[in-house]
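Coordinate-derived values only; no laboratory data. Computed from a predicted model, the values in this text were never measured in an experiment. FYI the Cβ positions are ideal-geometry reconstructions off the backbone, even for glycines, and counts take in every protein chain you see.
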Amino acid sequence: MLTLTENATTAVKDLAANLPAETGGLRISEAADPQAGYALSLAEGPERGDTIVENDGARVYVDPAATVQLDDRVLDARVDENGGVGFALAQRR
């Protein structure tokens, strides 16, 4: 199952705090263009079939197709000097 680093956990919680629903989180789905990788969006809750990954209050919803592909991955995050958040996936060690 996808896991989150401490940085990703903090970033997801900070982003989800802007959503009106207490069940808000980050959703990862397959991008419309397969070459683009994955699409990230804020979501008020999971969609039918999503896998829910929770870590210390951070929620990530992963669509069924991406769940299989991300099973052995770690989600990390970096905040730049302007406050922008970038996410990256790495192979779990």
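Looking across Glu47, Glu54, one residue alone is assigned to a loop (DSSP other than H, G, I, E, B) and surrounded by fewer than 17 Cβ atoms within 10 Å (Cβ to Cβ). It is Glu47.
Yes/no matrix, rows are residues, columns are (1) assigned to a strand (DSSP E or B); (2) of a type outside the set (Phe, Trp, Tyr); (3) touching a residue at least 24 places away in the same chain (Cβ under 8 Å); (4) buried (at least 16 other Cβ atoms within 10 Å of the Cβ):
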| residue | (1), (2), (3), (4) |
| --- | --- |
| Ile28 | yes, yes, yes, yes |
| Ala39 | yes, yes, no, no |
| Tyr61 | yes, no, yes, yes |
| Asp71 | no, yes, yes, no |
| Ala88 | yes, yes, no, no |
